[in-house]
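The values are calculated or read from the model by the stated rules, or taken from the named source; none is laboratory data. For clarity, every value in this text was computed on a predicted model and none was experimentally measured. For neighbour counting, all protein chains shown are included, and Cβ atoms are generated from backbone atoms with ideal geometry for every residue, glycine included. Accessible surface is based on the protein model in full, side chains and every heavy atom, while ligands, DNA and RNA are left aside. Shrake-Rupley method; radii C 1.70, N 1.55, O 1.52, S 1.80 Å.
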Amino acid sequence: EEEHQKWSVTVTAVGYKHLPKTDRLGTIDPYLVIMLGHERRETKVMKGYAGSWNDEEVTFTDRKNIKGNINIQLFDKNTLGKDELVGSVRVPVCSIMNKAEGGGEEGDLEQFYELRTPNGSSIVKGKDGANARINLKFHLQREQDQLFPPPAGVDVEALSASLANAPSFELQVTVVSAERIPATDKSGKSDPQVRITVLDEAPRRISGGDGSFKKHENESALTTVQRGTLNPAWDETLMILIDGGVEGRTLLVTLLDEEAFGMKKANVVGFVKIPLDLAVAAGSLGGFAVSIPLMKSDKIPLRNSAGFKTKLALRFDVTLPKGALKQREETTDR
């Protein structure tokens, strides 16, 4: 099983200090080239002998083989001529992997690394004579195919087919709570709110009754705002009207941070995409509860400043149309 396991590796460029003088003007414009296997990523170009990359992240996904080294090279950007290689760092993946031992699903490593000269014979010395160093964070994680696995006891495919031409119905999603939300304001807190939206695989149109058509508006609902907290508790039930079936549609759950008491557009903090057929199948079981990790992007989990994943607790209920309910009872009684 380990041979078929896929991993993602995220490298975060944190900062740098004691870099050397590289040109006649006595300046340096550093950037990193990060390589894993045959893949290559670059960070933004910065300025000065010491500074921050503002936690810029690069991610390598779908990695079946995570042996070997992550190679990081620091270059000085030149406006004229070829960029100059200043130094490099080599980080064995096993040093991150060790953090995931004992059955762990992920490993983390953060530290300062001394830059070695391009030929590797010595440590690069900064303009001030100190050893040149870069601060890096590494995160290694087993990739999961589904954040929301199919609920046991329901034939999801059969249920989805039975709802294709069924009357509209309501999906009840109770937003219970969240934990370890990243801070978004200067006080180290957040003003979180959750929005739930039904997304279609392709834009749908509905008849206007006079031969015309108009764009179908996606069903959406919002919780209230919980102010000044990183571990909000809502326990609010949102009613989502479902019409037109569930196949190929998605329930988008978005964590927002309210700005200026609603005077500005809320910022998206994280999200999770749940196949609508799985959400309805879970709701058909009655009071189906799940704690699900939120994502920062499609490949990167949302984490707080301490590196812990942000999780959202949800509960699903649904009253299905009679025909679909009968179908579910028949399939689960087999």
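Converting phi to 3J(HN,Hα) with the Karplus coefficients 6.51, -1.76 and 1.60 and the offset θ = phi - 60°, region 244-251 yields x, x, 10, 5, x, 10, 10, 9 Hz in sequence order, with x at every glycine or proline. Across the alpha-carbon set of region 41-98, the Rg to Rh ratio works out to 1.02, Rh being the Kirkwood radius. The order of the peptides 49-57, 313-321 by mean Cβ neighbours within 10 Å, most packed first, is 313-321, 49-57.
Protection proxy ranking of 287-293, 161-167, by the mean of other Cβ atoms within 10 Å over each peptide's residues and highest first, is 161-167, 287-293. Accessible area per residue (1.4 Å probe, heavy atoms of protein chains only) ranks 139, 38 as 38, 139, with the largest value leading.
Put simply, region 274-324 fits an ellipsoid with semi-axes of 30, 12, 5 Å; these come from the alpha carbon gyration tensor as the roots of five times its eigenvalues, largest first. Accessible surface for residue 185 stands near 60 Å², nearest 10, in the context of the full protein assembly shown (1.4 Å probe).
When 40, 24 are compared by accessible area of protein heavy atoms, the largest-first order is 24, 40, using a 1.4 Å probe. For residue 295, nonlocal amide neighbours, meaning residues 5 or more places apart or on other chains whose placed amide H falls under 5 Å from its own, are 271, 272, 302. With 21 Å as the limit, the listed pairs 273/322; 17/125; 137/186; 189/311; 21/77; 17/189 have 273/322; 137/186; 17/189 beyond it between alpha carbons. The listed residues 186, 44 rank as 186, 44 when sorted by accessible area, largest first, using a 1.4 Å probe.
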